[in-house]
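Participant: Supplied in structure tokens, the structure appears directly below.
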Amino acid sequence: MSVEHIYQLIAIVIYIIGMLLIGWYAYRRTANLTDYMLGGRSLGPAVTALSAGAADMSGWLLMGLPGAIYTAGLVEGWIAIGLTTGAYLNWLYVAPRLRVYTQVSNDSITIPSYLENRLKDNSRILRIASGLIILVFFTFYVSSGMVAGGVFFESSFGLSYHTGLLVVSIVVIAYTLFGGFLAVSYTDFVQGLIMFLALILVPIFGVFLTGGVSETADTIREVDPTLLSLVSGASFLGVISALAWGLGYFGQPHIIVRFMAIKSVKETKQARRIGIGWMMLSLVGATLTALIGIAYFHQNPTEILTDSEAVFIELGQIIFHPFIAGIILAAVLAAIMSTISSQLIVTSSALIEDLYKAVINSEASDKRYVFLGRMSVLFVSIVALIFAWGKTNTILKLVSFAWAGFGASFGPIILLTLYWRKITSIGALSGMVVGAITVLIWGNSPLTETLYEIIPGFILNLIVTVIVSNLTYKKNDEIESEFKETERLLQKERS
């Protein structure tokens, strides 16, 4: 191993030890199932905002997006625009209301339990269906993170893809399994800071390598002038599909669970400002990194970039001293691990809180539920690892499919439960199933090349839910009371 790699490895080891220590600290603070699954609803605005952002962006931010822009140009930036808009609306309209409603409605600690309690579904079918959807789509999502981990170590240290896959998986499983939601949130907060700093530093220093802003832009035009255009080569449906990524935010369990865990509604406003500011700067940094990469590798034809999704990693190694480059590498690892851990804890909660506890055994002790939660983290990780072993898809494809699955299954339902009194459990279940099936069929057909599957899935879910709810609606005094109480508490918190 070269001296450069040793420096980089030292930085990575320091980072990994830091994550494990946070996991140990959170383990000491985890006493019951609510602590393990939701951190006791104790998160502050900064931790909520950055942990939500880090959980959201994943390896896609530092690898998938720069890789797409490096290959196709700014036309891929429509996804970033759609995401920023969707995230802002999610913070504005979902975060405060969901924080209050989940507490009013029987102190729900998961999305499936919230839907059951909110709609007074005594059949448990809605909760089971929600839990199963989370299991299916998060398996793909976790796999995308593991694929990113394998690519990371392959590109950075010349290790085999499978070795990298195992290293990332073992570390993230360890701190998630023991520390639960608090470990995930605190590590995500630290990881969000590391990602932010890296995404600012790489383009700032990288532009000097390519001769400044003007020279960089001229070089990109030499390669292909359309790379700097948001519209060149874009179709109307292509732009709509990219913007539609923003619809996904309303239904992402690993993101909106942060809204349920924040200390109070008042703090959601500050969290929104922190979160959106972090997101905008990070996305700009990722975009500029890709553009600088185009210019740099054109100006230096002897240096060949074999994998476009590794452009951020390669530039970091070229620009900085090996130890600083190691910190840059840690940022990539942070992006990957933050999302995997968030998804694992939500999947664990679906298995234990929404399937095992709700259907099989509701009388076990909290200690047993926490133990089973940890075992479910291990089980889901192994299944996702098997899917990731073959590395058959790009990171962006895996993420886009899972993102659409959640957005189309849960997005319309979450919005309607928060703002419409007349939604019924049968309506919600019908719409949710239609949304999930639409994504599964559309996403595995040639139609996905024309229109992103989240659009038909979201629309059909919304239509079916509204129609079936209107047909099956019966006034429920308990639902009416909770709806009014939520409105009252929101006004009280905001005043």
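Participant: Given the whole protein assembly as supplied and a 1.4 Å probe, what does the accessible area of residue 298 come to in Å², nearest 10?
Facilitator: Probe radius 1.4 Å; accessible area of residue 298 about 80 Å².
Participant: Taking Cα atoms, how many degrees apart are the long axis of helix 161-209 and the longest axis of the chain, rounded to 10 and kept between 0 and 90?
Facilitator: Once rounded, the angle reads 40 degrees.
Participant: Leaving ligands, DNA and RNA out of it, rank 222, 4, 116 by accessible area with a 1.4 Å probe, largest first. Working shown, then result.
Facilitator: Working: 222 125, 4 95, 116 10 Å².
Putting 222, 4, 116 in descending order of accessible area: 222, 4, 116.
Participant: Any idea how far apart residue 92 and residue 473 come out in nm if each label point goes 7 Å out from Cα toward Cβ?
Facilitator: Going by the 7 Å Cα→Cβ label model, 2.6 nm.
Participant: So with the 1.4 Å probe, I'd like the accessible area per residue for the chain, rounded to whole Å².
Facilitator: Computed with neighbouring chains in place, this is 38 Å² per residue.
Participant: Report which label in (i) 24.4; (ii) 22.2; (iii) 25.8 holds the value of mean projected area of the Cα convex hull in nm² derived from the coordinates of this structure.
Facilitator: Looking at mean projected area of the Cα convex hull in nm² for this model, the match is (ii).
Participant: Using a 1.4 angstrom probe and counting only protein chains, how large is the accessible area of residue 302 in Å², to 10?
Facilitator: My reading of the accessible area for residue 302 is about 130 Å².
Participant: Test of understanding: what is the full-extension gain from residue 449 to residue 71, defined as 0.36 nm times their sequence separation minus their Cα-Cα distance?
Facilitator: Contour length minus the Cα-Cα distance gives 134.4 nm.
Participant: Here's a follow-up. To test your reading of the geometry: what angle, between 0 and 90 degrees and rounded to tens, separates the Cα axis of helix 322-351 from the longest principal axis of the chain?
Facilitator: Its long axis makes an angle of about 20 degrees.
Participant: Moving on to the next point. Please give me, ordered by residue number, the trypsin sites (Lys or Arg not before Pro) of the stretch 118-158 that lie in loop per DSSP and have at most 13 other Cβ atoms within 10 Å.
Facilitator: Numbers: sites: 118, 120, 124, 127; in loops: 120, 124.
Sparse-neighbourhood loop trypsin sites (Lys or Arg not before Pro): none present.
Participant: From the phi angles alone, apply the Karplus equation (6.51, -1.76, 1.60; θ = phi - 60°) to the stretch 282-298 and give each ³J(HN,Hα) in whole Hz, x where the residue is Gly or Pro.
Facilitator: Computed from phi, the couplings for the stretch 282-298 are 5, 5, 5, x, 5, 5, 5, 4, 5, 5, 5, x, 4, 5, 5, 6, 6 Hz.
Participant: Please give me the summed charge of the neighbours of residue 247: other residues whose Cβ is under 15 Å from its Cβ, Lys and Arg +1, Asp and Glu -1. Please list the in-between numbers first.
Facilitator: Values: positive: none; negative: 56, 453.
Net of charged neighbours comes to -2.
Participant: Using alpha carbons only, how many degrees (0 to 90, rounded to 10) separate the axis of helix 212-223 from the longest principal axis of the chain?
Facilitator: Approximately 90 degrees, to the nearest 10.
Participant: What is the percent carbon and sulfur in the accessible area of the chain, measuring with a 1.4 Å probe over the protein chains and ignoring ligands?
Facilitator: Values: 12360 of 18900 Å².
It is 65 percent, rounded to a whole number.
Participant: If you don't mind, another one. Apply the Karplus parameterisation 6.51 cos²θ - 1.76 cosθ + 1.60, with θ equal to phi minus 60°, to every residue of the stretch 9-24 and state each ³J(HN,Hα) to the nearest whole Hz, in sequence, with x for glycine and proline.
Facilitator: With coefficients 6.51, -1.76 and 1.60, one gets 5, 4, 4, 5, 5, 4, 4, 4, 4, x, 5, 5, 5, 4, x, 5 Hz.
Participant: How much net charge surrounds residue 128 when only the other residues with a Cβ under 11 Å from the Cβ of residue 128 are counted, with Lys and Arg +1 and Asp and Glu -1? Write out the running numbers ahead of the final one.
Facilitator: Details: positive: 124, 127; negative: 116, 121, 354.
In short, -1.
Participant: Within 14 Å, Cβ to Cβ, of residue 371, how many net charges do the neighbouring residues add up to if Lys/Arg are +1 and Asp/Glu are -1? Don't skip to the answer; put the middle values down first.
Facilitator: Working: positive: 357, 367, 368, 374; negative: 35, 353, 366.
Summing Lys/Arg as +1 and Asp/Glu as -1 gives +1.
Participant: Which ³J(HN,Hα) values, rounded to whole Hz and listed in residue order, are derived for the stretch 54-71 from phi using the Karplus coefficients 6.51, -1.76 and 1.60 in 6.51 cos²θ - 1.76 cosθ + 1.60 with θ = phi - 60°, glycine and proline given as x?
Facilitator: 5, 5, 5, 6, 6, x, 4, 5, 9, 10, x, 5, x, x, 5, 5, 4, 7
The values are calculated or read from the model by the stated rules, or taken from the named source; none is laboratory data. Computed from a predicted model, the values in this text were never measured in an experiment. With ideal geometry, Cβ positions are generated from the backbone for all residues, glycine too; neighbour counts draw on all protein chains shown. Remember, those area values only see protein heavy atoms, side chains included, never the ligands or the DNA or RNA. Shrake-Rupley method; radii C 1.70, N 1.55, O 1.52, S 1.80 Å.
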